[in-house]
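Quick notes on the structure that follows.
The values are calculated or read from the model by the stated rules, or taken from the named source; none is laboratory data. The shown structure was predicted, so the numbers you read here are calculated from the model rather than taken from an experiment. Here the Cβ is made from the backbone with ideal geometry for all residues, glycine too, and neighbour counts use every protein chain on show.
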Amino acid sequence: MADNVFIALQNNPDAQPIIQAIVEDNPAAVVNDSPGMVKIDCPKRLVIRRETVEEKIGGEFNLQDIHLTLISLAGNIEEDDDEFVLQWNI
Amino acid sequence: MAAKPRRLNLTQKYQLMTRGLDWETTYQSMDDVFPYDKYEGIKIKDWDKWQDPFRLTMDAYWKYQAEKERKLYAILDGFAQNNSQLNISDARYMNAVKIWMQGVTPLEYAAFRGFAMLGRGFRGAGARVACQFQSIDEMRHYQTQMHAFSHYNKYFNGFRQFARIRDRAWYLSIPKSYFEDAVTAGPFELITAISFSFEYVLTNLLFMPFVSGAAYNGDMATTTFGFSAQSDESRHMTLGLEVIKFMLEQDEGNLPIVQQWLDKWFWRGYRLLGLVGTMMDYMLPKKVMSWRQAWEIYWEESGMALFNDLARYGLRPPKYHEVATKEKYRITHEFWCTIYQFSHATALYTWIPTEEELDWFSAEYGELFDTVYRPRYEYWAELDRKGERFFQKRLPVVCNVCQIPIFHTMPDDPLMNCCLVSEYKGTKHQMCSQGCKDIFDHEPEKYCQAYIPPQQIYQGNCGGATLEAYKEWLHIKDEETGEYYGSEDHIMWEGWKAQSGKPADAPA
Ligand SMILES: [Fe+2]
Ligand SMILES: [Fe+2]
């Protein structure tokens, strides 16, 4: 087992820049599409960086806005104003 | 350049709006103000070590929840105005939604009450605030679900008189007893049971594959409230993981207490989720994934990663998780076989899967399905063709702990029924599994008082000691029970399809 963390987001327009940013910042991330939902797995650690999401949007982004599209997650969370991190401490 | 007004960062804001608004009481001792958070034996040295990793504060909470509600109700209104009930894959699907409304939605309400208690009960401000948010979330889930179902109630059977059947229907004691068990425990056990064992470890199996399945089956109402609720659930799950780590970091004496709760609540949660697996496998006409596959992804993969992480605290995976994994090939089939035989005593319809569905089961579940369950379905289909649709004449014996009919089989023998007995104060109590028996034996004084509906019914306490008298007391009409094919839902659905020119589905 790869000890994946994961994040699942609603598959709606608001989530697209977040998904793109995750893929860009986490080369090991694997995106799984299912109806209405996107689940992204990543071994041990996954990061969402505010700056990358802002580049995709072309405007400001508050990391707490992910609450609007978040479906589920697995991993210990570390969040500050710039980064949202999921990780297993194994 | 004009200086931007100074803004607090997330960590500062969280600190000010939780700890900053709290105080040590002086007129009364803290122990008198918070009388319940010590008796379970959990030792907390420093409540300030409690962290919400999302650092959510009340102002941000209201802002995000208002936004979620706006989105949700826009979709629900559009759904109703466009008669979108016509777009679901098949009216059999509605029975999954009925189970949700009858069994799951009342749990949202129970969770609202439980977390309101916790939002008052813990002496740490961080924990209280997180539980208060969750309490309001759960009330929102209950309300949005009822709102969504009210549209289906205009057309389909099984949605009316929700409160009465919640109280009286024998089979709904399965979910109900789960929560009643949790809220009658102490505050730390309650939060471990619900936030960690149920929400962190197990609800992904309900909210991810099942709700995604609802989307695939054209039910945008359920999908939308499901995912909207789940966006709160991520916060609840995080609370669950934090509370476990917090207890284990505070005092090493907490470990055995927490481990025992995890063993108990994993098993109770797993037993309850057998019902969800059955909804996924049997009630979604268009399939997203099987229960077996969902179990592999969300337990064998994600659950194990979680327990590998928690191993540093000395915690081991919950007892009997290997048994749950062995049962992944059979639990939904055993469940459906049972509901099939008893649906004349429920506000649900059941049916034999179509040929195509039976083939899907063979592919997903392999030899065991073909040798054990498929022949049963073929036998019952044959009886049905002869006009002898099979129903049990009596209500089943149910497990004294999980309250599920005793239909589960031995871990290593899917053909041998498992029924274990504990004797307590001269009375025999039956359990479905070693997992449930351990729970009973650990707290016999609690479980010997469990309200077991079939026993109450046959004692004559529910309108009379016969199934007919009981159904009358429940106000269930024969038309809303039993076999799907030929039912009012089925006839209405065929009428709609005929109008729209699409062929209705034929029975197996
Ligand atoms: Fe909820
Ligand atoms: Fe049981």
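Points to keep in mind about this one:
- Annotation: A:ILE7 fulfils all but one of (1) within 9 Å of another protein chain (Cβ to nearest Cβ); (2) surrounded by fewer than 17 Cβ atoms within 10 Å (Cβ to Cβ); (3) not polar (S, T, N, Q); the unmet one is (2).
- Residue in the stretch B:218-239 that is of a type in the set (Ser, Thr, Tyr), surrounded by 23 or more Cβ atoms within 10 Å (Cβ to Cβ) and within 30 Å of B:ASP441 (Cβ to Cβ) present: no
- The residue that is farthest from B:TRP261 (Cα to Cα), counting only those in the stretch B:1-35 that are more than 35 Å from the chain's Cα centre (by Cα), of a type in the set (S, T, N, Q) and assigned to a loop (DSSP other than H, G, I, E, B), is B:ASN9.
- Only one of B:LYS328, B:LYS319, B:LYS287 that is of a type in the set (Lys, Arg), assigned to a helix (DSSP H, G or I) and either more than 11 Å from every other protein chain (Cβ to nearest Cβ) or out of contact with any Gly (no Cβ under 6 Å at 6 or more places or on another chain) (or both): B:LYS328
- Inspection of the stretch B:480-495 finds a residue satisfying the criterion of being at positive phi, surrounded by 15 or more Cβ atoms within 10 Å (Cβ to Cβ) and touching a residue at least 60 places away in the same chain (Cβ under 8 Å).
- Residue within the stretch B:198-205 that is free of Cβ contacts under 8 Å to residues at least 12 places away in the same chain, assigned to a helix (DSSP H, G or I), out of contact with any His (no Cβ under 7 Å at 6 or more places or on another chain) and within 9 Å of another protein chain (Cβ to nearest Cβ) present: no
- Spans of strands (runs of 3 or more DSSP E) in the stretch A:9-60 with at least 2 residues at pLDDT 95 or above, under 9 Å from the mean Cα position of the chain (by Cα) and among the β-branched types (Val, Ile, Thr): A:45-49
- Considering residues of the stretch B:304-316 that are more than 9 Å from chain A (Cβ to nearest Cβ) and under 18 Å from A:LEU86 (Cα atoms) only, the residue surrounded by the most Cβ atoms within 10 Å (Cβ to Cβ): B:LEU310
- Considered as a group, the residues in the stretch A:62-80 that are facing chain B (nearest Cβ under 7 Å) and in a helix (DSSP H, G or I) include one that is farthest from B:ASP52 (Cα to Cα), and that residue is A:LEU68.
- Index of the failed condition, B:ALA221 passing every other in (1) within 16 Å of ligand 1 (Cβ to nearest atom); (2) under 19 Å from B:THR105 (Cβ atoms): (1)
- Residue that is surrounded by the fewest Cβ atoms within 10 Å (Cβ to Cβ) [pool: residues in the stretch B:334-375 that are among the aliphatic types (A, V, I, L, M) and not in a loop (DSSP other than H, G, I, E, B)]: B:ALA363
- B:GLY124, sole failed condition from (1) closer than 27 Å to B:ASN87 by Cβ; (2) away from ligand 1 (no atom under 11 Å from the Cβ); (3) surrounded by 20 or more Cβ atoms within 10 Å (Cβ to Cβ): (1)
- Check on A:ILE40, within 14 Å of chain B (Cβ to nearest Cβ) and touching a residue at least 60 places away in the same chain (Cβ under 8 Å): no
- Among the conditions (1) over 20 Å from A:THR69 (Cβ atoms); (2) over 26 Å from the mean Cα position of the chain (by Cα); (3) of a type outside the set (Phe, Trp, Tyr); (4) within 14 Å of another protein chain (Cβ to nearest Cβ), the only one that B:ALA60 does not satisfy is (1).
- Test: residue in the stretch A:16-30 that is within 9 Å of chain B (Cβ to nearest Cβ), of a type in the set (D, E, K, R) and at negative phi: no
- Only one of B:GLY213, B:GLY158, B:GLY226, B:GLY218 that is in contact with a helix residue (DSSP H, G or I) (Cβ under 7 Å, 6 or more places away or on another chain), closer than 23 Å to B:GLY274 by Cβ and not in a helix (DSSP H, G or I): B:GLY158
- Residues in the stretch B:160-174 that are within 20 Å of B:ALA96 (Cβ to Cβ) and at pLDDT below 95: B:ARG160, B:GLN161, B:PHE162, B:ILE165, B:ARG166.
- Qualifying position, being within 16 Å of ligand 2 (Cβ to nearest atom), more than 14 Å from chain A (Cβ to nearest Cβ) and buried (at least 18 other Cβ atoms within 10 Å of the Cβ), among B:LYS428, B:LYS437: B:LYS437
- Residue check for B:SER212: more than 8 Å from every other protein chain (Cβ to nearest Cβ), among the polar types (S, T, N, Q) and buried (at least 24 other Cβ atoms within 10 Å of the Cβ): no
- Considering residues of the stretch B:139-155 that are without any contact (Cβ under 8 Å) to a residue 40 or more places away in the chain and part of a helix (DSSP H, G or I) only, the residue surrounded by the most Cβ atoms within 10 Å (Cβ to Cβ): B:TYR142
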